[in-house]
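Working notes for the structure below.
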Amino acid sequence: MAWIRKVLRVNLTQGICVSEPLNMAWAAQYPGQRGLASKYLVSEIDPLVDPLAAENKIIYATGPLTGAMASTGGRYSVVTKGPLTGVIACSNSAGFFAAELKAAGWDMIIVEGKSPRPVYLHIENHKAALLAAEDLWGRTVWDTEGTLKKRHQDLLLRVSGIGRAGENLVRSAATVSDLPRAAGIS
């Protein structure tokens with residue numbers, strides 16, 4: 001599949017989603033999803049940032065083989081400054097989420113800032129929007145995924161959720177996609 005050459009930057013503070021070019025010089029230097037996402041992270045955050053502060057970022061990254069019929073072609077990485085360890089944390093997960101992200105038009109999602117209210121990121125057909133999620137707050141990842149599939153009338157919708165642990169800033173929280181696949185980023 002190779003690179004789509006696009007990054008989706010989600011600024012929760014401003015409530016906006018912006019597409020930008022993937023840094024192809026970095027992609028050549030750091031060819032995998034973990035290395036490339038780590039390069040973005042260390043280039044964009046202060047190394048002394050509190051992991052639970054709005055100034056930290058969380059990056060969902062695919063690699064050049066994501067979506068291809070290659071071994072491990074269905075994996076994605078989640079990279080951030082980990083709240084449990086205070087250093088770069090990287091975890092990866094499998095399932096359909098990564099290939100769907102690539103098919104939707106992005107190699108990577110960089111989430112930054114802090115929303116004043118609960119929101120979720122909805123991506124469909126190369127478009128991204130932040131939508132209200134007050135009714136999802138406090139629910140399990142299983143309940144959230146089922147609700148979103150019904151809401152968007154799409155049983156094949158791919159969801160990556162944080163659940164109650166993430167909402168409550170539990171330092172060992174994980175992202176869960178394609179139930180029950182988890183990427184723990186402590």
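Data for the structure
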| read-out | value |
| --- | --- |
| Identity of the residue in the range 5-29, part of a loop (DSSP other than H, G, I, E, B) and either closer than 18 Å to Ser115 by Cα or at pLDDT below 95 (or both), that ends up nearest to the chain's Cα centre (by Cα) | Leu12 |
| Subset tally (residues that are assigned to a loop (DSSP other than H, G, I, E, B) and more than 18 Å from Leu156 (Cβ to Cβ)) for the range 70-105 | 11 |
| Hits in the range 76-91 (condition: within 13 Å of the chain's Cα centre (by Cα) and either buried (at least 24 other Cβ atoms within 10 Å of the Cβ) or at pLDDT below 90 (or both)) | Tyr76, Ser77, Val78, Val79 |
| Pairs, first within 12 Å of Leu179 (Cα to Cα) and open to solvent by less than 60 Å² (accessible area, probe 1.4 Å) in the range 150-162, second of a type in the set (Phe, Trp, Tyr) and outside any loop (DSSP other than H, G, I, E, B), C-beta under 6 Å, six or more apart | Ser160/Phe97 |
| Residue match in the range 29-47 (condition: in contact with a Leu (Cβ under 8 Å, 6 or more places away or on another chain) and either surrounded by 14 or more Cβ atoms within 10 Å (Cβ to Cβ) or hydrophobic (A, V, I, L, M, F, W, C) (or both)) | yes |
| Candidate set from the range 48-71 (those that are among the hydrophobic types (A, V, I, L, M, F, W, C) and either within 14 Å of Glu112 (Cα to Cα) or at pLDDT 95 or above (or both)); member that is surrounded by the most Cβ atoms within 10 Å (Cβ to Cβ) | Ala61 |
| Residues located in the range 114-136, provided they are part of a loop (DSSP other than H, G, I, E, B), modelled with pLDDT of 95 or more and surrounded by fewer than 16 Cβ atoms within 10 Å (Cβ to Cβ) | Lys114, Pro116, Arg117, Pro118, Glu134, Asp135 |
| Residues of the range 41-69 satisfying the condition of being of a type outside the set (A, V, I, L, M) and either in a strand (DSSP E or B) or within 24 Å of Ser177 (Cβ to Cβ) (or both) | Glu44, Pro51, Asn56, Lys57, Tyr60, Thr62, Gly63, Pro64, Thr66, Gly67 |
| Qualifying residues in the range 98-123 (those that are within 19 Å of Ala27 (Cα to Cα) and of a type in the set (D, E, K, R)) - the one farthest from the chain's Cα centre (by Cα) | Lys102 |
| Extreme residue, surrounded by the most Cβ atoms within 10 Å (Cβ to Cβ), among residues of the range 93-110 that are more than 17 Å from Pro180 (Cβ to Cβ) and touching a residue at least 60 places away in the same chain (Cβ under 8 Å) | Met108 |
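The values are calculated or read from the model by the stated rules, or taken from the named source; none is laboratory data. The shown structure was predicted, so the numbers you read here are calculated from the model rather than taken from an experiment. In this analysis, Cβ positions are derived from the backbone assuming ideal geometry, glycine residues included, and neighbour counts consider all displayed protein chains. The accessibility values were calculated without ligands, DNA or RNA, using every heavy atom of the protein model including side chains. Shrake-Rupley method; radii C 1.70, N 1.55, O 1.52, S 1.80 Å.
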